[in-house]
Amino acid sequence: MTGADFFRSLVRNLASTLQVRYAFVVECQDESKTRVRTLEFWEGECFSENFEYDMRGTPCEKVIEGTVCYHTENVQALFPEDEDLVRLNLESYLGIPLSDGSGEVMGHLVVLDDTPLDRGLSEVAVLLKIFSARAAAELERKRTEEELRESEAQFRTLVEHAPEGILVFDADANRFVDANRNAALILGYPKDQLLGMSWIAMSAPSQLDGRPAGEVGGPLNEEALAGGLPVFEWTFRPAKGAEVVTEVRLLRLPKARRSLLLASITDISERKQAEAALKYHSDFEDLITEISTHFISLSPNAIDGGINDALGRIGAFVGADRDYVFLLDESTKGSNTHEWCAEGCTLDYEGPSRPSIRNVSVVHGVLEPGRGRPHTLCY
């Protein structure tokens, strides 16, 4: 028996054992311990509604400080500010503090009667200690459960409103058991479908370093389960659309009965694309600088060879099928003087058939000759 049922049984049996009319148990409501609330109150024939009260001027004030208070008679005269003692026409009072394992007072247990308590103090003290020990244990359990529920609620609020995606992975069952809204958005799965899936099922078969997902992920999970905090980039495969590159922070959830890993994921696809574009432009500028520097030292007879070599290097860098060089005259009319084509392609224009600059057009990087199929243009 626990909770409210336990406290009801406790105060009723305590009143019956000590043969008193009233018995109740209270819990502190604030850190100052000046206000308490009854958990259960037995008033002789039935239970009353629970209520809060301030302890100033009451015999309970000393009890909450950690002192056992035993007033066998004349309690009204001893505490004239306590109007409830007068209202209930009480004569005697006995209160004992309820402390947790660290000695912190959580509340107290009280019996009252409208007649003097004529039983021996030692006998009453023994009985009250027996009841109070069990009451303190139950009150501490109740508080622990409430703190746990509050902590879980706070955790859930933080998780649901986190800017990153949050996933909880059960390593024993090899499946995700919890996820927030942002995780579902990043990974492109409805939450109910996401739960129950394995890590590998949602991952790109090949990760950024070219290795299989299973080969990369296993050691990272083991590191987190051992207490490590691995941070790594991981490519997921959404239900629809392009693969998503994420940054993952992995840690093991403490005090969990199973091997649970908390994964915080941030979509870095745009960042990776920007980094790739920046590197591409930087490498291309380096290539052009290197080619330009090389031309400075070329003899006139080696210019044609240098141009062909430059076209090949530039074409290979950008992945073009062909590169062209056009020579313009003063009227801006020009003709094709050099052409490079990738392996497997053949030169389209040789000798007098080379096109002039006036009968080609460039559309989005594609050269459309006056005849034949379009070719990728590099210039």
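Scanning region 11-39 for residues that are buried (at least 23 other Cβ atoms within 10 Å of the Cβ) and either at pLDDT below 90 or assigned to a helix (DSSP H, G or I) (or both) turns up VAL11, LEU14. The criterion of at least 1 residues that are within 30 Å of THR246 (Cα to Cα) and not assigned by TED's automatic domain parsing to the domain that holds GLY66 is met by the following strands (runs of 3 or more DSSP E) wholly inside region 80-193: 165-170, 175-179. So is GLU49 modelled with pLDDT of 90 or more, out of contact with any Asp or Glu (no Cβ under 8 Å at 6 or more places or on another chain), assigned to a loop (DSSP other than H, G, I, E, B) and of a type outside the set (Ser, Thr, Tyr) or not? Yes; evaluated as a whole, the condition is true for this residue.
For LEU278, are the conditions met, namely being under 30 Å from ARG313 (Cβ atoms), part of a loop (DSSP other than H, G, I, E, B) and at pLDDT below 95? Criteria not met by LEU278.
Scanning region 142-201 for residues that are farther than 13 Å from ILE265 by Cβ and hydroxyl-bearing (Ser, Thr, Tyr) yields THR144, SER151, THR157, SER198. Residues of region 254-263 being surrounded by 15 or more Cβ atoms within 10 Å (Cβ to Cβ) and either over 16 Å from TRP234 (Cβ atoms) or outside the structural domain of SER198 (by TED's automatic domain parsing) (or both), which ones? Answer for region 254-263, where residues must be surrounded by 15 or more Cβ atoms within 10 Å (Cβ to Cβ) and either over 16 Å from TRP234 (Cβ atoms) or outside the structural domain of SER198 (by TED's automatic domain parsing) (or both): SER259, LEU260. The sole residue among THR235, THR266 that is hydroxyl-bearing (Ser, Thr, Tyr), more than 17 Å from MET197 (Cβ to Cβ) and at pLDDT 90 or above is THR266. Residues in region 190-201: is at least one out of contact with any Lys or Arg (no Cβ under 9 Å at 6 or more places or on another chain) and of a type in the set (A, V, I, L, M)? Yes, the conditions are met somewhere in region 190-201.
Rundown of residues vs (1) among the aromatic types (Phe, Trp, Tyr); (2) closer than 29 Å to ALA320 by Cα; (3) touching a Lys or Arg at 6+ places or on another chain (Cβ under 7 Å), yes/no style:
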position: PRO219; (1), (2), (3): no, no, no
position: GLU223; (1), (2), (3): no, no, no
position: LEU253; (1), (2), (3): no, no, no
position: PHE284; (1), (2), (3): yes, yes, no
position: ILE288; (1), (2), (3): no, yes, no
position: HIS294; (1), (2), (3): no, yes, no
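I want to confirm something. Restricting to region 265-287 and keeping residues that are hydrophobic (A, V, I, L, M, F, W, C) and surrounded by 14 or more Cβ atoms within 10 Å (Cβ to Cβ), which single residue is farthest from ASN336 (Cα to Cα)? Here the residue is ILE265.
Here are the criteria: (1) over 30 Å from ASN182 (Cα atoms); (2) touching a residue at least 40 places away in the same chain (Cβ under 8 Å); (3) of a type in the set (D, E, K, R). Tell me which single one ARG258 does not satisfy. Status for ARG258: all satisfied but (1). Among the residues of region 195-216, not a single one is exposed (fewer than 12 other Cβ atoms within 10 Å of the Cβ), closer than 27 Å to HIS161 by Cα and not small (Gly, Ala, Ser). The selection criterion, being among the β-branched types (Val, Ile, Thr) and within 30 Å of VAL231 (Cα to Cα), does not hold for ILE296. Out of ALA173, ALA137, ALA153, ALA162, I need the residue that is small (Gly, Ala, Ser), closer than 30 Å to ILE96 by Cα and out of contact with any helix residue (DSSP H, G or I) (no Cβ under 6 Å at 6 or more places or on another chain). Which one? That would be ALA137, the only listed residue that is small (Gly, Ala, Ser), closer than 30 Å to ILE96 by Cα and out of contact with any helix residue (DSSP H, G or I) (no Cβ under 6 Å at 6 or more places or on another chain).
The values are calculated or read from the model by the stated rules, or taken from the named source; none is laboratory data. Model, not experiment: these values are computed from the prediction. All Cβ positions, glycine included, derive from the backbone under ideal geometry; neighbour counts span all protein chains shown.
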